[in-house]
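The values are calculated or read from the model by the stated rules, or taken from the named source; none is laboratory data. Note that this is a predicted model, so its numbers are computed, not measured. With ideal geometry, Cβ positions are generated from the backbone for all residues, glycine too; neighbour counts draw on all protein chains shown. Keep in mind that these areas ignore ligands, DNA and RNA; they rest on the heavy atoms of the full protein, side chains included. Shrake-Rupley method; radii C 1.70, N 1.55, O 1.52, S 1.80 Å.
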Amino acid sequence: MASEEQMKQAPNIEHRFESPGNAALFSVRRSAFDVWHLLWRILDFIVAAIFIYAGVLKMLEPAQFAHDINNYRVLPWTLSVALAFYLPWLEIFCGLALIVRYFYRGALSLLTVLIVAFTLTTAAAKVRGLDITCGCFGHVSQHWSFPAHLATNLAILAGLIVLWFKVAAMGKRAD
Amino acid sequence: MRQALFLVALALIPGLGQAIYFREKISWRSPILPSESVNVDQARAWGENAIWVDARPDDEFARDHVPGALLLNEDRWNELLPQFLAGWSPGKKIVVYCSAERCDLAREVAERLRKEAQISDVFVLEGGWEAWLQKNR
């Protein structure tokens with residue numbers, strides 16, 4: 001993991017600073033790095049928790065989730081059932097991958113694809129005038145309005161984009 | 001890409017297990033279990049032994065409905081449920097319908113009648129109001 005390697009190397013680098021001013025500057029930079037690292041980890045946990053929570057709720061009620069998918073009138077019933085059994089587990093595993101930082105980029109890619117697909121499908125349903133239950137968070141989201149649903153999806157997407165920036169900023173594989 | 005494929009494959013395992021576990025509770029062919037649906041001919045054969053329930057919104061019910069049907073929709077559930085229960089007697093079969101095959105209102109009302117009113121003989125009409133109209137034109 002790039003961040004940990006940098007942190008481990010930091011004390012050795014610090015010895016190379018000759019003046020106390022440079023050492024202090026490095027210390028400040030390192031503190032800032034630690035804060036950003038902590039914030040990113042918190043964001044990892046928040047995004048992961050959202051997907052794990054949503055996945056568990058839907059996994060417990062696959063029949064209800066199948067009906068929620070079917071209400072979008074995009075897929076045949078058989079495919080709705082298949083997705084109702086499959087998608088919650090994908091969300092759970094991707095969420096866990098974000099937490100344990102294993103298969104991190106793969107999980108981030110899949111979650112980004114999922115949230116974009118959910119958002120587009122919801123927007124399309126609204127345009128088609130369908131009165132749907134989103135089903136994103138099982139019975140919890142049963143009475144969500146379209147704006148609330150859209151705002152939640154966009155907030156999650158924003159979180160994922162920030163995590164992508166982190167991966168890019170590290171310059172190496174995050175896992 | 002390889003990581004994403006691995007996660008995609010990994011999620012298949014519990015998904016398949018769950019599909020096997022729930023095989024009796026979810027039909028892969030229709031949103032409504034065959035044991036919980038009825039067609040127009042079967043429902044009409046029940047005659048006086050059936051209570052027809054219209055799960056559509058008020059305005060659609062006001063426009064037209066199955067003769068003798070009771071209005072019970074989710075928009076005014078708390079208000080309409082007591083009226084429905086007053087007209088219901090144990091042993092009678094309940095046939096719930098909404099506008100067409102793909103509407104979900106009838107299934108939801110039927111589900112709530114089973115869960116909240118503890119009524120077991122509740123059936124969803126296949127094809128809904130459109131199917132009834134076709135058979136009764």
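The set of residues in region B:20-39 that are over 18 Å from B:K92 (Cβ atoms), in contact (Cβ under 8 Å) with a residue 60 or more places away in the chain and out of contact with any Asp or Glu (no Cβ under 7 Å at 6 or more places or on another chain) comprises B:P31, B:I32.
Quick grid of which residues meet (1) at pLDDT 90 or above; (2) among the hydrophobic types (A, V, I, L, M, F, W, C):
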| residue | (1), (2) |
| --- | --- |
| B:A45 | yes, yes |
| B:F61 | yes, yes |
| B:L70 | yes, yes |
| B:S89 | no, no |
| B:S99 | no, no |
| B:C103 | no, yes |
| B:R107 | no, no |
| B:S120 | no, no |
| B:L125 | yes, yes |
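Scanning region A:66-101 for residues that are among the hydroxyl-bearing types (S, T, Y) and at pLDDT 90 or above yields A:T78, A:S80, A:Y86. Being open to solvent by 50 Å² or more (accessible area, probe 1.4 Å) and within 10 Å of the chain's Cα centre (by Cα) is the requirement here; does B:E126 meet it? Yes; evaluated as a whole, the condition is true for this residue.
Within region B:8-48, the set of residues being polar (S, T, N, Q) and either within 14 Å of chain A (Cβ to nearest Cβ) or open to solvent by 70 Å² or more (accessible area, probe 1.4 Å) (or both) comprises B:Q18, B:S27, B:S30, B:S35, B:S37, B:Q42.
Can you say whether B:D41 is under 15 Å from B:N136 (Cβ atoms), charged (D, E, K, R) and not in a loop (DSSP other than H, G, I, E, B), as far as the supplied structure shows? In short, yes.
Scanning region B:88-115 for residues that are more than 17 Å from B:P57 (Cβ to Cβ), assigned to a helix (DSSP H, G or I) and within 14 Å of chain A (Cβ to nearest Cβ) yields a count of 3.
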